[in-house]
1. Going residue by residue through segment 356-364, is there one that turns out to be among the basic types (Lys, Arg) and within 22 Å of Asp191 (Cα to Cα)?
2. Do we find a residue being over 19 Å from Met531 (Cα atoms), surrounded by fewer than 22 Cβ atoms within 10 Å (Cβ to Cβ) and outside the structural domain of Gly353 (by the TED database) anywhere in segment 435-451?
3. Tell me the helices (runs of 4 or more DSSP H) entirely within segment 350-448 that contain at least 1 residues that are under 30 Å from Leu513 (Cα atoms).
4. Given the residues Ala352, Ala382, which is the only one that is touching a Cys at 6+ places or on another chain (Cβ under 6 Å), open to solvent by less than 30 Å² (accessible area, probe 1.4 Å) and within 17 Å of Pro309 (Cα to Cα)?
5. I need the full set of residues from segment 464-484 which are touching a Ser or Thr at 6+ places or on another chain (Cβ under 8 Å) and not in a helix (DSSP H, G or I), in order please.
6. From the set of residues in segment 36-47 that are among the aliphatic types (A, V, I, L, M) and touching a strand residue (DSSP E or B) at 6+ places or on another chain (Cβ under 7 Å), which is modelled with the lowest pLDDT?
7. When you look at Asp182, is it under 15 Å from Met155 (Cβ atoms) and open to solvent by 30 Å² or more (accessible area, probe 1.4 Å), yes or no?
Amino acid sequence: MEVKAIILTACPSGMATSYLAARRLERAALRRGWEVEVELQGELGGGLRLSADAIAAADLVLVAASRAVDLSRFEGKRLYRDALEAALPNPDRFLDRAEFAAETWHDDGERETAAPAESGGSSGVRSVVAVTACPTGVAHTFMAAEALAEAGRAMGLSIKVETQGSVGAQNKLEADEIEAADVVLLACDIDVDTARFAGKRIYRTSTGAALKKSRQTLEAALAEGAVESAGASTGGGSSSAGQKKGIKERGVYKHLLTGVSFMLPMVVAGGLCIALSFVFGITAFEQEGTLAAALMQIGGETAFALMVPVLAGYIAYSIADRPGIAPGMIGGMLASSLGAGFIGGIVAGFLAGYCALALVRWVKLPASLEALKPILIVPLLASLVTGLAMIYVIGTPVAALLDALTAFLNSMGSTNAVLLGLLLGAMMCVDLGGPVNKASYTFGVGLLSTQTYAPMAAIMAAGMVPPIAMGIATLIAKTKFAAAEREAGKASLVLGLCFVSEGAIPFAAKDPLRVLPLSIIGGAITGGLSMLFGITLMAPHGGLFVLLIPGAVNHALLYLMAILAGSLFTGVLYALIKRRPDAVEAAATGPTGAVVPSASH
């Protein structure tokens with residue numbers, strides 16, 4: 001049935017943004033075969049007003065506005081409204097949300113301000129500000145932010161979400177927005193600065209929980225958020241009695257991922273510089289004064305040399321804040337020079353962090369000397385403890401352990417290599433960006449510091465399988481997927497090519513008993529084939545786009561074959577066994593259409 005839609009856009013500063021949003025929405029609607037009427041509004045007036053006949057004939061009213069507009073004339077119409085900024089990036093997604101979430105409009109005299117994206121709204125509307133951050137700052141950060149924003153608007157909340165991704169903070173929270181908020185929601189898997197939230201009710205969770213259970217997370221934040229004591233954001237303790245935090249939200253896991261997130265740029269830049277040096281020949285860098293030698297000096301001798309110190313330093317920073325950075329980096333540099341590698345760096349980071357934290361908390365000085373604690377006493381004592389422990393206690397045995405591990409990996413026969421690839425590949429697909437996935441990924445990244453590149457290739461290849469497979473499934477079994485799922489499949493395919501495993505999360509959340517087992521098997525196949533083919537990868541991220549860099553992957557065609565094998569296995573098999581929407585509906589209803597009651601427990 002043809003949809004007759006009205007599109008109303010309004011911006012606070014003029015007509016340009018309003019016009020762009022209206023045109024993009026209009027084109028997207030026309031592609032769907034809708035009949036569209038458009039009204040533009042600006043601060044200085046607008047174009048033609050909608051006629052009464054057009055409003056009366058409309059099936060759906062779409063309002064994209066960032067200032068107050070009069071909605072009284074749409075009484076009794078199905079209406080969906082959102083901020084103007086929500087319509088510009090992806091008008092098709094805006095229309096999908098409108099079809100799903102539009103409700104019959106009833107003018108109550110209090111809901112004529114169509115700017116839900118702005119915090120500090122009218123009285124009676126609860127306000128939430130949030131921050132999302134994940135270790136890589138690529139997928140979970142932005143997907144969780146979008147999920148929270150959509151859930152918040154659906155709940156009638158005033159919500160603004162700041163993302164702290166790989167390109168820095170975006171959509172930054174202003175001081176007045178924080179002041180007006182009822183609660184601060186921190187959906188972060190790494191440590192973030194919370195000084196600006198002092199005195200505010202804070203609720204902490206993971207990006208995974210915010211993405212998969214957005215509404216429940218917001219409800220819990222409003223109900224359980226509590227003011228944290230000074231220093232509650234550091235260390236592994238519980239932030240409040242009302243918030244039960246697992247290891248993923250606080251403690252060892254979060255500290256480790258903070259270190260990994262700061263180390264990743266070093267690994268990526270260093271690995272690709274080394275790969276570029278190989279373009280001139282595998283041993284070309286040995287000739288001094290050549291470009292190949294310069295690239296190797298940048299990548300292998302400098303960027304890779306900083307990997308372990310940065311890892312240790314920011315693990316310590318996550319634990320003890322700034323006082324932990326110096327002892328952590330010193331301990332990491334010692335681990336690197338002693339041959340203890342990334343394992344020694346992890347140990348040094350935790351030792352330095354908890355040592356610095358203990359000194360900050362327990363060393364009491366006269367007020368006149370207190371200023372010396374963060375710049376002299378804590379760095380000196382924590383560095384001494386960490387350094388001496390690394391030199392005399394930790395360094396040598398950990399170096400021996402790392403040497404044994406490296407020798408084993410480099411001397412593995414094909415059978416053991418395939419088994420390792422199967423294990424690492426399966427782990428990458430167990431929870432799509434969760435703790436098991438991150439454990440496998442961290443293992444591969446750490447091995448890059450020992451010039452062991454094969455496991456990283458298997459890990460990245462396997463991580464691409466689930467989202468690519470879901471995209472393949474939606475292409476070959478279109479009738480089994482709703483229109484919104486087919487659109488999600490296209491996005492999933494692109495995310496998979498970029499090595500963003502989280503692209504498969506919408507499918508796994510909806511059908512976990514089919515998607516996850518098939519993804520695990522497909523990832524294991526790809527990981528095993530990658531190790532069998534002896535493929536090495538110099539960079540820990542970038543997906544298929546690293547193939548464009550000469551030398552980044554040693555056997556590009558075999559690498560593509562391994563990825564394709566696992567993706568086709570998972571995608572084709574899921575397309576075959578996925579139930580059609582009408583079959584699912586029939587299973588939920590009786591022969592007369594009545595809903596079949598579920599078995600009680």
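1. yes
2. yes
3. 414-430, 435-448
4. Selected residue: Ala382, the only one of Ala352, Ala382 that is touching a Cys at 6+ places or on another chain (Cβ under 6 Å), open to solvent by less than 30 Å² (accessible area, probe 1.4 Å) and within 17 Å of Pro309 (Cα to Cα).
5. Answer for segment 464-484, where residues must be touching a Ser or Thr at 6+ places or on another chain (Cβ under 8 Å) and not in a helix (DSSP H, G or I): just Phe481.
6. Leu40
7. Yes; evaluated as a whole, the condition is true for this residue.
Yes or no, residue by residue, for (1) at positive phi; (2) more than 24 Å from the chain's Cα centre (by Cα); (3) modelled with pLDDT under 90:
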{"residue": "Thr526", "(1), (2), (3)": "no, no, no"}
{"residue": "Leu532", "(1), (2), (3)": "no, yes, no"}
{"residue": "Leu537", "(1), (2), (3)": "no, no, yes"}
{"residue": "Gly542", "(1), (2), (3)": "yes, no, yes"}
{"residue": "Phe545", "(1), (2), (3)": "no, no, yes"}
{"residue": "Leu557", "(1), (2), (3)": "no, yes, no"}
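The values are calculated or read from the model by the stated rules, or taken from the named source; none is laboratory data. A quick note: this is a predicted structure, and the numbers were derived from the prediction, not measured. Don't worry about glycine lacking a Cβ; one is built from the backbone with ideal geometry, like all the others, and counts go over all protein chains shown. Note: areas computed on protein heavy atoms with side chains; ligands, DNA, RNA excluded. Shrake-Rupley method; radii C 1.70, N 1.55, O 1.52, S 1.80 Å.
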